1. In whole Hz and in residue order, list the ³J(HN,Hα) couplings for the stretch 238-255 that follow from phi through the Karplus curve 6.51 cos²θ - 1.76 cosθ + 1.60, θ = phi - 60°; x for Gly and Pro.
2. Enumerate the calculated ³J(HN,Hα) couplings along the stretch 373-387 in order (Karplus 6.51 cos²θ - 1.76 cosθ + 1.60, θ = phi - 60°), each rounded to whole Hz, writing x wherever the residue is Gly or Pro.
3. Over 20 Å between Cα atoms: which of Lys283/Lys394; Lys284/Lys308; Lys517/Lys547; Lys264/Lys328; Lys12/Lys462 fall into that group?
4. Per residue, what accessible area does the chain have, given a 1.4 Å probe and all protein chains present, in Å²?
5. Gain in length, Asn430 to Thr262, computed as 0.36 nm per residue apart minus the alpha-carbon separation, to one decimal in nm?
6. Let a ≥ b ≥ c be the square roots of the eigenvalues of the Cα gyration tensor of the stretch 475-567; is it rounded (a/c under 1.5), or, if not, prolate (a/b larger than b/c) or oblate?
7. If packing is taken as the average number of other Cβ atoms within 10 Å across a peptide's residues, how do 501-507, 395-401 rank, most packed first?
8. Roughly how big is the stretch 475-567's charge dipole about its Cα centre, with Cβ charges of +1 (Lys, Arg) and -1 (Asp, Glu), in debye to the nearest 20?
Amino acid sequence: MRFSKFYAPTFKEAPKEASLPSHIFLTRAGFIEQNGAGLYNFLPLGQMVLDKITSVVKDEMDSAGAQQLSFSVVTSGDLWRQSGRFDVFGKELLRFKDRKESDYVISPTNEESAVACVRGKLTSYKQLPINLYQINTKFRDEARPRFGLLRGREFIMKDAYSFHASETDLDREFELMHETYSRIFTRLGLDFRAVEADSGAIGGSGSKEFMVLANNGEDDIICCSACDYAANIEAASRAPRLSDIAAPEAEAAKFYTPGTNTIKDVAEFFRVDEFYTIKAVIKKAIYADSERVVVFFVRGDDELQDVKAQNAAGALELVVAEAEDIAKAGLVAGYCGPVGLASGVEFFIDRELEGATQMICGANEKDYHFVGVSVASFNADRFKDLAAVKAGDKCPKCGAPLEVKKGIEVGHIFKLGQKYSSAMSATFLNENGKAEAFYMGCYGIGVSRLMAVAIEASHDEKGCIWQRQISPFDISVILLNLKDDEAVSYANSIYSELKSLGIRVLYDDRDERFGVKMSDYELMGFPYALLVGKGLKEGKVELISRKGLTKESIEASMAFEIIRQRLCV
Ligand code: ATP
Ligand code: MG
């Protein structure tokens, strides 16, 4: 490709809101262009990268026996009603009506389409298993689209849906997809971990996320410092905590504790470790057609994990409970405890508190606390995993200290089980001739997010540093003086020769200054550049490696061979 004919507008300045390297460089280097909040155009360079990522994903999915198809991006509201998700999916689901007043959605994910696609067509266990995938546009009306391609509203996802005659076969496919994903992310040159995950709005019985470790990641990942245990903080567990500090000893009693409405105040007042206190976190839980105040109790020195809390309450969303909501529910902020809580108020207690004795908690009365409390005599279903695991807690598998790392989610695999097939009456005849709902799995990869992740993982202060496997070009041939006939003819011929080997070359034949050409090269970040300049008089050209920007002066006559050896192995 001749740069003089290539559409790749570059910019000195990044968009104001861009804070992350991937957002800044992909925009400045002309890979992508913003077209509205969370909406991006892929310019030719961006499209080339997308195609490369897509081809790796496709190659590995095909090798694993999955079959590619495409579902329509707009799907009918009726389909989403059949699964029960039309009303319960949050505001991320973009719903609209057509001219006939029928409901439609723009697909944020396609379980419904996949089930409808096979329903009534795959009818026997003999036709199973099958895994169908697409690489297609998704839309999620994210509350805060940000960080460029990392969290867009419109984005490209690879999503696969598998159908099985048994749970065991689903487990086998889940493992196969686990391996397939590992191969894909390895081929893309990424440092990733597969971690235990929360299944979120998609639901199901088990799921794993693939996380690329990156300081700018939005996800907190809990990793064991000794074994292979790793989990998203939303799903992380730990060995039950113990305290070295002795428990306070007191008869069960109510105490006057004026002005102690924080855990710190209470612990100081009684001179006990916060470990022996119970903290109440009051939230308002939002359901499809109602809302109510819910209280979550965790140890005084633990924090509530929001996703765990939301799952415990079975809510669509948890929001801040305003003073008015709290008062209306009959709760006393700052003095709320599980014993003697206002009747009718929904509450959950962290499961590590089950059976705890000698605890201190609010007495549900202003300025009073209970001491010597035993956390027993509650129904078993009140106890849920609610506390956020933190650095230094102990690994649930081996007991070694846990660490917290930042990650970016690039893939997510789920065992859906029969959730969607039952809801949508999609059945097959099993070996005994009985109708049974399909066992399903689903498997997503953020294809457009991966473009940004690649740059988060590999850049410097000047721009992108592409790994060759997804770089739009392998090398730039940079001609410095268009008036130097000898240089022009050398550059023209090495451009054609390299192209004839299948090497992807961007030939910078623009009538621009050296500085402009170099800074565009550094910004765009292809693996190599060949500089054809004054040195040619002495038979020399310069080979630049983008990683580290190292320069080698090489014989012009040997350049073709040297590049061939580097790029055609
Ligand atoms: P996140 O937790 O980051 O919001 P998610 O868990 O909602 O993602 P999934 O439903 O698991 O996402 O979707 C599969 C994949 O699609 C994710 O692993 C991620 O790589 C990608 N993805 C999800 N949301 C977005 C988005 N808003 N922009 C770009 N890619 C996304
Ligand atoms: Mg996910």
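1. So the J values, rounded to whole Hz, are 8, 5, x, 7, 10, 10, 6, 7, 4, 6, x, 10, 7, 5, 4, 7, 9, 10.
2. For the stretch 373-387, the Karplus-derived couplings read 7, 9, 8, 9, 6, 10, 4, 4, 6, 6, 8, 9, 7, 10, 7 Hz, x marking Gly and Pro.
3. Working: Lys283/Lys394 28 Å; Lys284/Lys308 15 Å; Lys517/Lys547 17 Å; Lys264/Lys328 26 Å; Lys12/Lys462 11 Å.
Long pairs (Cα-Cα over 20 Å): Lys283/Lys394; Lys264/Lys328.
4. On the way: 25680 Å² over 569 residues.
Each residue of the chain exposes 45 Å² on average to a 1.4 Å probe.
5. On the way: separation 168, 0.36 × 168 = 60.48 nm, distance 5.87 nm.
Here the segment from Asn430 to Thr262 would lengthen by 54.6 nm.
6. Values: a/c = 1.28, a/b = 1.02, b/c = 1.25.
Cα axes put the stretch 475-567 in the rounded bin.
7. On the way: 501-507: 18.4, 395-401: 15.3.
The peptides rank, most packed first, as 501-507, 395-401.
8. Values: 14 positive and 15 negative charges, 63 e Å.
Computed about the Cα centre, the dipole is about 300 debye.
The values are calculated or read from the model by the stated rules, or taken from the named source; none is laboratory data. Treat the numbers as computed from the prediction; the structure is a model and nothing was measured. Glycine also receives a Cβ, built like all others from the backbone with ideal geometry; neighbour counts cover every protein chain displayed. The protein model used for the area step is the full one, side chains on, heavy atoms only, and it has no ligands, DNA or RNA in it. Shrake-Rupley method; radii C 1.70, N 1.55, O 1.52, S 1.80 Å.
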